[in-house]
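The values are calculated or read from the model by the stated rules, or taken from the named source; none is laboratory data. Keep in mind it's a predicted model, so treat the numbers as computed, not measured. Methodologically, a virtual Cβ is constructed for each residue, glycine included, from the backbone with ideal geometry; neighbour enumeration extends over all protein chains shown. Just so you know, the surface numbers come from the protein's heavy atoms only, side chains and all, with ligands and any DNA or RNA stripped out. Shrake-Rupley method; radii C 1.70, N 1.55, O 1.52, S 1.80 Å.
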Number of protein chains: 2
Amino acid sequence: MAKKQTPQSTQICDSSAVRLPDDQSAVGLSKLAWAVAHPARVRIVRLLIGRTSCVCGEIVEEITLAQSTVSQHLKILKESGLIQGEVDGPRVCYCINREKLTEFKELVAGLE
Amino acid sequence: MAKKQTPQSTQICDSSAVRLPDDQSAVGLSKLAWAVAHPARVRIVRLLIGRTSCVCGEIVEEITLAQSTVSQHLKILKESGLIQGEVDGPRVCYCINREKLTEFKELVAGLE
DNA sequence: ATCGTCTATCGTCGATTTGCGATAGAATGA
DNA sequence: TCATTCTATCGCAAATCGACGATAGACGAT
């Protein structure tokens with residue numbers, strides 16, 4: 001793969017000036033990726049995607065972790081914007097934020 | 001959004017049985033997401049994607065971090081499979097692993 | 001008003017991450 | 001051979017994460 005094509009020069013690699021997306025975009029992508037950078041959070045996201053509406057503490061039963069730990073993961077996902085939580089009486093229903101999910105998908109798909 | 005439709009019942013949320021992808025898939029996605037869950041690593045990935053072939057320690061100049069830190073990030077990316085490194089004389093050229101990148105894209109795109 | 005349920009938060013612990021300088025190894029060039 | 005260059009690795013310190021139990025707050029039901 002374009003290796004050792006110039007035995008004497010220092011131009012071994014492709015030195016073309018690449019226009020990188022601004023750093024802000026990298027931060028945005030990294031934050032969304034980070035939200036999903038844990039198996040439990042991937043499972044939660046998929047669970048919420050699979051439901052037509054939203055789910056409450058049922059997530060705790062689906063994910064084999066302590067309730068407080070699941071709540072922590074939910075908080076992380078909520079802070080990333082990927083999910084939203086609505087208080088509904090004594091419980092809280094979580095839903096996927098389709099817009100954020102689409103944004104994440106587009107950022108990843110844009111890696112090319 | 002389907003809130004408070006049943007005032008007396010416990011059936012507030014959509015309790016349909018959702019078939020989740022196996023846990024292995026969640027682990028795979030989380031690992032790839034984790035590789036990109038840092039702005040510097042996003043920048044490195046984008047840099048390598050932008051180049052036709054590969055790059056060496058030039059990455060260190062592009063990323064405003066110490067050489068040892070960049071090397072650490074490169075190691076993480078390499079372990080995730082997203083990039084590959086080839087020793088070429090005194091330097092090391094890194095390339096994007098298109099297959100892994102595609103796998104990542106598909107996993108993210110499959111979130112629906 | 002009180003009880004039971006559901007959820008978020010606090011505090012804690014160990015493990016991991018992130019960043020750096022210093023250093024060791026490999027390879028090239030003089 | 002020797003000096004130089006490039007990269008990976010080794011500590012090290014600070015910060016953060018991940019998991020848990022305990023607890024507090026909110027709400028509905030009795």
Distances in nm between the label point of A:E61 (7 Å along Cα→Cβ) and its equivalents in the other copies, shortest first, are 6.0
Of all the accessible heavy-atom surface of segment A:36-109, with the other protein chains kept in place and a 1.4 Å probe, what percent is carbon and sulfur? 50 percent
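Among rounded, prolate and oblate, which fits segment B:70-112 when a ≥ b ≥ c are the square roots of the eigenvalues of its C-alpha gyration tensor, a/c under 1.5 means rounded, and a/b larger than b/c means prolate?
The shape class here is prolate.
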Would you mind giving the mean number of other chain beta-carbons within 10 Å of the Cβ of each residue in A:77-86, as a whole number? 1
List of segment A:24-43 residues, accessible area with partners at least 50 Å² below that of the chain alone (1.4 Å probe): A:A26, A:S30, A:P39, A:R43
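How do B:R43, A:R91, B:R51 rank by accessible surface area computed with a 1.4 Å probe, from largest to smallest?
A:R91, B:R43, B:R51
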Across peptide A:102-110, what mean number of C-beta atoms from other chains lies inside 10 Å of a residue's C-beta? 4
Give me the accessible area buried between chains B and A, both sides summed, with a 1.4 Å probe, in Å² rounded to the nearest 100. 4800 Å²
For segment A:36-109, what size does the Cα cloud have along each of its three principal axes, sorted from largest down, in whole Å? 37, 24, 21
Just the accessible area per residue of segment B:19-108, please: how many Å² with a 1.4 Å probe? 47 Å²
Rounding to the nearest 20 debye, state how big the charge dipole of segment B:23-109 is about its Cα centre with +1 on each Lys and Arg Cβ and -1 on each Asp and Glu Cβ. 120 debye
Tell me which residues come under 5 Å, amide H to amide H, from A:N97 once H is placed; ignore anything under 5 positions away on its chain. A:I83, A:Q84
Residues of type aspartates and glutamates that B:K78 reaches as a straight line, Cα spacing below 20 Å, ignoring anything fewer than 8 places off in the same chain: A:D14, A:E112, B:E58, B:E61, B:E62, B:E86, B:D88, B:E99, B:E103, B:E106
